[in-house]
Each structure stands twice: as structure tokens, then as C-alpha cells.
1. Here are the criteria: (1) without any contact (Cβ under 8 Å) to a residue 40 or more places away in the chain; (2) touching an Asp or Glu at 6+ places or on another chain (Cβ under 6 Å); (3) not aliphatic (A, V, I, L, M). Tell me which single one Ser94 does not satisfy.
2. Looking at Glu48, Glu67, which is the one that is more than 10 Å from the chain's Cα centre (by Cα) and touching a residue at least 12 places away in the same chain (Cβ under 8 Å)?
3. Go through His53, His12 for me and flag whichever is more than 18 Å from Ala109 (Cβ to Cβ) and not hydrophobic (A, V, I, L, M, F, W, C).
4. How many residues are hydroxyl-bearing (Ser, Thr, Tyr) and buried (at least 21 other Cβ atoms within 10 Å of the Cβ) if we restrict to region 35-53?
5. Can you confirm whether Ile56 is part of a loop (DSSP other than H, G, I, E, B), without any contact (Cβ under 8 Å) to a residue 24 or more places away in the chain and surrounded by 15 or more Cβ atoms within 10 Å (Cβ to Cβ)?
6. Among the numbered criteria (1) hydroxyl-bearing (Ser, Thr, Tyr); (2) at pLDDT below 95; (3) in a strand (DSSP E or B), which single criterion is violated by Ser7?
7. Which number in (1) of a type outside the set (A, V, I, L, M); (2) on the phi > 0 side of the Ramachandran plot; (3) without any contact (Cβ under 8 Å) to a residue 12 or more places away in the chain marks the one condition that Gly32 misses?
8. Please pick out the residue among Ala31, Ala75 that is farther than 15 Å from Ile93 by Cβ, more than 14 Å from the chain's Cα centre (by Cα) and among the aliphatic types (A, V, I, L, M).
Amino acid sequence: MVEAASSQTTWHLVAHHKEIPEGMCLQLGVAGHSILLCKVKDQIYCIEDRCSHRDIPLNRGWLEGHEMVCPLHGATFDIRNGHPCRLPAKQAISAYDIRIDEQQRVFVALPKT
């Protein structure tokens with residue numbers, strides 16, 4: 001599920017819209033969280049950089065449309081909501097709210113640590 005920005009989250013400036021290549025993901029470490037910013041059809045999405053199946057980084061994988069493919073066993077996750085789409089993954093990963101301001105700066109709402 002997408003985690004809504006609330007009293008339990010903090011907005012973080014993470015990138016500029018232009019820094020994220022179309023059809024690719026940008027891996028970042030922000031406030032103790034490892035995240036992936038992914039761009040598909042000029043829309044930015046943010047998921048945690050971790051496969052729920054074997055707990056390995058997803059940043060070594062690749063995008064297929066709106067699905068991030070794990071490089072280990074081919075599990076996929078929907079970057080719009082973190083839900084698993086293909087086995088062997090059965091558990092969702094975190095997806096985070098994104099906000100883009102008028103200067104095209106990208107902010108992500110992450111849980112407070």
C-alpha cells in the first residue's frame with residue numbers, strides 16, 4: 001500500500017524530475033531508508049529497495065512497464081503500490097507518496113525513524 005504523508009512521516013527532497021531517466025530507477029539512501037525512484041511515462045514512483053522474497057536490493061533488477069523485476073528469482077512488484085505481481089514474492093514492499101513542486105523537485109514521504 002502507498003503510505004500517506006502524516007504525523008508518522010516526513011517529506012524529504014530527494015531529486016529533480018530530470019535526474020530520473022525514463023524507464024529507469026534511481027537508487028537512493030534517505031533518512032535510513034533505501035529507496036528506488038522510478039519513472040514510467042513521465043510519472044515518478046517510489047518503492048523500497050528490497051525484495052520481500054529474499055531481502056536483496058531491487059536496484060540490480062530492471063523495470064518492465066510498471067513492474068520492478070528482482071534480479072535473483074524474477075519476482076516482480078508493482079511500483080505504483082508495492083504489491084507482488086509474480087512469484088516467488090508473496091509479500092508487498094513499501095511504496096511511498098511522491099510530491100513534485102513547481103520547480104520539478106521530487107519529494108518523498110518516508111516513515112520517521
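1. (1)
2. Only one candidate qualifies: Glu67.
3. Step by step, each of His53, His12 is checked, and only His53 is more than 18 Å from Ala109 (Cβ to Cβ) and not hydrophobic (A, V, I, L, M, F, W, C).
4. Total meeting the criteria: 1.
5. yes
6. (3)
7. Among (1) of a type outside the set (A, V, I, L, M); (2) on the phi > 0 side of the Ramachandran plot; (3) without any contact (Cβ under 8 Å) to a residue 12 or more places away in the chain, the lone unmet condition for Gly32 is (3).
8. Selected residue: Ala31, the only one of Ala31, Ala75 that is farther than 15 Å from Ile93 by Cβ, more than 14 Å from the chain's Cα centre (by Cα) and among the aliphatic types (A, V, I, L, M).
The values are calculated or read from the model by the stated rules, or taken from the named source; none is laboratory data. Since the model is a prediction, treat every value here as computed from it, not as a measurement. FYI the Cβ positions are ideal-geometry reconstructions off the backbone, even for glycines, and counts take in every protein chain you see.
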